[in-house]
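Data first, discussion second: the structure below is written as structure tokens.
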Amino acid sequence: MLKLWLLATFAVILSLSACNDVDQLTVSKEETENQKNMGEEIEKEEREHSGDNFTEDKQNTSERVSAGQSDKYEPIVIEEYFRDHIEFQLEKGDVVTEPDEVMFPENYTELEGVLTFRGGPWRDRPSYGSISASSKMVLEEQWEFTTGHNEEWGGGAGWTGQPAIIKWDEEIRKVMNIKEEFKEKENFVEIIQGSLDGNIYFFDLESGKQSREPIKVQNPIKGSVSVDSRGYPLLYQGDGVPRSDDKKGEDNFGFNIFSLLNGELLHHIDGRDEYAHREWGAFDGSALINRETDTLITGGENGIFYNIKLNTVFDKGEGSISISPEEQKMRYEIEDNDYQGIENSVAVYKNMAFFADNGGSILAVNLADNKPIWALPPLDDTDSTIVMEIIDDVPFLYTGTEVDIQGENGDAYLRKINGITGEVVWQKSYFAYYYPGVVGGVLATPVLGKKSMDGLIIYTIARHQGVYEGIMVALDRETGEEVWRWETDDYAWSSPVDIYNENGEGFLIQADFGGNLHLLNGLTGEVLDSKNFGHNIEASPAVYNDKIVFASRSGKIHQVKIK
């Protein structure tokens with residue numbers, strides 16, 4: 001334990017010393033004044049929407065809809081870089097773009113639903129809408145579906161395995177290959193779920209009926225699919241592992257873009273890329289789409305950061321869509337980090353992207369030139385996705401590590417990091433058991449509390465008290481101090497989901513290894529109800545109003561209502 005503590009302390013000292021001079025990387029004085037002048041109104045809107053969800057009929061912001069941003073929404077000014085310990089290359093050479101031409105819009109989408117892992121670029125919105133206020137709530141299953149079966153990986157979904165949920169525009173719905181009974185259905189909401197059996201399934205949220213024929217990817221899908229944030233009929237999906245027979249050839253393992261007009265494969269990125277430092281070609285991360293710039297951002301387990309111009313041509317009247325992707329790839333190596341691989345989903349704020357890697361380094365990337373801004377030294381494998389909180393136009397990152405590279409029982413590290421400087425604001429550690437292949441520590445993406453839960457960051461830590469047990473902790477976001485804890489009989493890789501009722505009272509959904517789905521009071525950690533589904537729930541749920549959708553390792557997809 002002393003050895004691990006010293007290693008952790010050394011990593012923190014390196015992190016702090018790497019950014020101890022704030023002037024090395026800062027926001028200009030003019031930008032700072034602009035940030036201060038944004039006022040309480042903009043700050044309030046950011047807290048309500050977290051930059052991820054936007055509904056036109058609920059907000060009188062028609063001017064912002066047309067531009068995708070408010071008048072005072074400006075890019076982060078990056079004056080200097082700290083990357084002496086980073087070696088990186090761009091496959092196509094330097095490409096420099098003005099920051100305001102690459103930054104993500106203030107509102108990720110105008111559509112209702114959960115379109116990517118954790119809802120949007122801040123990775124803080126795994127649910128959409130609200131539940132009804134009630135003194136007593138119970139979980140009641142509405143329907144289930146049995147997937148196919150892969151001989152090695154089974155069916156259902158694994159980690160991260162979150163479904164996408166979307167309420168399509170009526171005109172778009174009519175030109176897609178959705179079954180006729182759903183093309184005219186009022187308030188039709190579609191679920192899109194990737195499966196370990198190698199298929200992408202489509203369902204009507206309410207009834208559980210298949211809304212269209214599955215897309216047969218063939219390779220098992222471990223990650224979470226993404227729907228285009230513009231509402232275009234495009235679906236983005238990464239492979240988890242190659243088929244054991246690999247009959248399609250060496251180039252079949254990677255990342256795919258499908259047309260949702262007819263299920264056609266429009267583009268494939270080969271993950272086993274000679275340009276990469278690592279041969280493994282999986283894509284477990286969930287892509288982001290910038291609806292203003294027609295670009296895609298994602299990371300591969302080959303260690304490549306992708307910034308892709310899609311060149312989309314969509315003719316709604318003709319019912320046709322095409323893309324001509326231009327891939328800009330950035331590969332990197334960090335001193336003392338031998339583990340390239342981006343297994344989490346990239347987070348973005350304005351013109352800055354953030355991700356962690358399999359060695360435990362955290363990187364910030366400038367989307368204007370696709371180059372690293374800063375990187376923290378390695379700590380331990382970090383597959384949990386970074387969640388962001390924006391304070392006075394500064395992104396703060398919440399992240400947690402596994403107990404993996406350590407090779408023995410040790411500590412998982414929970415951190416809050418200043419996204420501008422890379423400074424570690426606070427760090428907290430929790431013991432976890434090392435278990436090869438199915439590791440302990442933080443695999444679940446944390447929850448950023450909102451409304452009644454504002455001020456909390458909630459982590460789920462696997463294999464904490466015992467090898468098969470776990471813990472959920474709510475920490476004060478400012479100090480890192482523990483507010484409450486819930487010690488669990490079964491560990492969890494599945495990410496918790498925060499939901500809120502009409503009064504703003506917050507609750508948490510947590511699935512676990514024992515097949516349980518729990519409903520908790522978000523302020524206290526009190527368990528309000530639990531329901532067992534018989535098998536490990538490794539995938540993360542998504543929630544639309546009072547309906548929870550998730551898949552298990554047993555080959556089942558479930559919809560559960562909060563009543």
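Per-structure values
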read-out: Conditions (1) touching a residue at least 40 places away in the same chain (Cβ under 8 Å); (2) open to solvent by 10 Å² or more (accessible area, probe 1.4 Å); (3) not in a loop (DSSP other than H, G, I, E, B); number of the one not met by HIS268; value: (1)
read-out: Selection within segment 492-535 - part of a strand (DSSP E or B) and small (Gly, Ala, Ser); value: GLY506, ALA511, SER530
read-out: Elements of type strands (runs of 3 or more DSSP E) in segment 371-488, at least 1 residues being in contact with a Pro (Cβ under 9 Å, 6 or more places away or on another chain); value: 387-391, 394-400, 410-418, 456-462, 470-476
read-out: Number of positions in segment 431-475 that are basic (Lys, Arg), open to solvent by less than 50 Å² (accessible area, probe 1.4 Å) and either free of Cβ contacts under 8 Å to residues at least 60 places away in the same chain or on the phi > 0 side of the Ramachandran plot (or both); value: 1
read-out: Test: residue in segment 166-183 that is crowded, with 18+ Cβ neighbours inside 10 Å, assigned to a helix (DSSP H, G or I), more than 26 Å from the chain's Cα centre (by Cα) and β-branched (Val, Ile, Thr); value: yes
read-out: Subset of segment 369-393 (residues that are aliphatic (A, V, I, L, M), touching a residue at least 60 places away in the same chain (Cβ under 8 Å) and open to solvent by 10 Å² or more (accessible area, probe 1.4 Å)); value: LEU379, ILE390
read-out: Residue pairs meeting the criteria (Cβ under 6 Å; at least 6 apart or on separate chains; first closer than 20 Å to TYR201 by Cβ, in segment 169-188; second open to solvent by 30 Å² or more (accessible area, probe 1.4 Å) and not aromatic (Phe, Trp, Tyr)); value: ARG173/LYS183; ASN177/ASN262; LYS183/LYS174
read-out: Per-region count, segment 188-219, residues open to solvent by 10 Å² or more (accessible area, probe 1.4 Å), among the charged types (D, E, K, R) and in a loop (DSSP other than H, G, I, E, B); value: 4
read-out: Residue ID - nearest to GLY525 (Cα to Cα), chosen from residues in segment 476-485 that are open to solvent by 40 Å² or more (accessible area, probe 1.4 Å) and either aromatic (Phe, Trp, Tyr) or out of contact with any Gly (no Cβ under 9 Å at 6 or more places or on another chain) (or both); value: GLU482
read-out: Test for GLU87: is it modelled with pLDDT under 95 and surrounded by fewer than 18 Cβ atoms within 10 Å (Cβ to Cβ); value: no
read-out: Odd one out for ALA364 among (1) buried (at least 24 other Cβ atoms within 10 Å of the Cβ); (2) in contact (Cβ under 8 Å) with a residue 40 or more places away in the chain; (3) farther than 24 Å from TYR108 by Cα; value: (3)
read-out: Hits in segment 213-246 - residues which are charged (D, E, K, R) and under 25 Å from GLU151 (Cα atoms); value: GLU213, LYS216, LYS222, ASP239, ARG243, ASP245, ASP246
read-out: Where GLY231 falls short, out of the listed (1) in a loop (DSSP other than H, G, I, E, B); (2) over 27 Å from VAL387 (Cβ atoms); (3) touching a Leu at 6+ places or on another chain (Cβ under 6 Å); value: (2)
read-out: Single residue of segment 225-242 satisfying the filter (in contact (Cβ under 8 Å) with a residue 60 or more places away in the chain and open to solvent by 10 Å² or more (accessible area, probe 1.4 Å)) that is farthest from GLU264 (Cα to Cα); value: VAL241
read-out: Filter result (polar (S, T, N, Q) and either touching a Ser or Thr at 6+ places or on another chain (Cβ under 8 Å) or within 13 Å of ILE509 (Cα to Cα) (or both)) within segment 538-558; value: SER540, ASN545
read-out: Check on TYR275, surrounded by 18 or more Cβ atoms within 10 Å (Cβ to Cβ), among the aromatic types (Phe, Trp, Tyr) and in contact (Cβ under 8 Å) with a residue 12 or more places away in the chain; value: no
read-out: Residues that are open to solvent by less than 10 Å² (accessible area, probe 1.4 Å), in a strand (DSSP E or B) and closer than 14 Å to ILE257 by Cβ, drawn from segment 281-324; value: LEU288, ILE289, LEU296, ILE297, THR298, TYR306, ILE308
read-out: Test: residue in segment 69-78 that is in a loop (DSSP other than H, G, I, E, B) and at pLDDT below 55; value: yes
read-out: Hits in segment 520-563 (condition: among the acidic types (Asp, Glu) and surrounded by 20 or more Cβ atoms within 10 Å (Cβ to Cβ)); value: GLU538
read-out: Matching entry among GLN340, GLN328 (being open to solvent by 10 Å² or more (accessible area, probe 1.4 Å) and outside any loop (DSSP other than H, G, I, E, B)); value: GLN328
read-out: Residue match in segment 118-132 (condition: open to solvent by less than 40 Å² (accessible area, probe 1.4 Å), in contact with a Lys or Arg (Cβ under 8 Å, 6 or more places away or on another chain) and modelled with pLDDT under 95); value: no
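The values are calculated or read from the model by the stated rules, or taken from the named source; none is laboratory data. Quantities reported herein were computed from a predicted structural model and do not represent experimental measurements. As a convention, Cβ positions derive from the backbone with ideal geometry for all residues, glycine included, and neighbour counts pool all protein chains shown. With ligands, DNA and RNA removed, areas are computed over all heavy atoms of the protein, side chains included. Shrake-Rupley method; radii C 1.70, N 1.55, O 1.52, S 1.80 Å.
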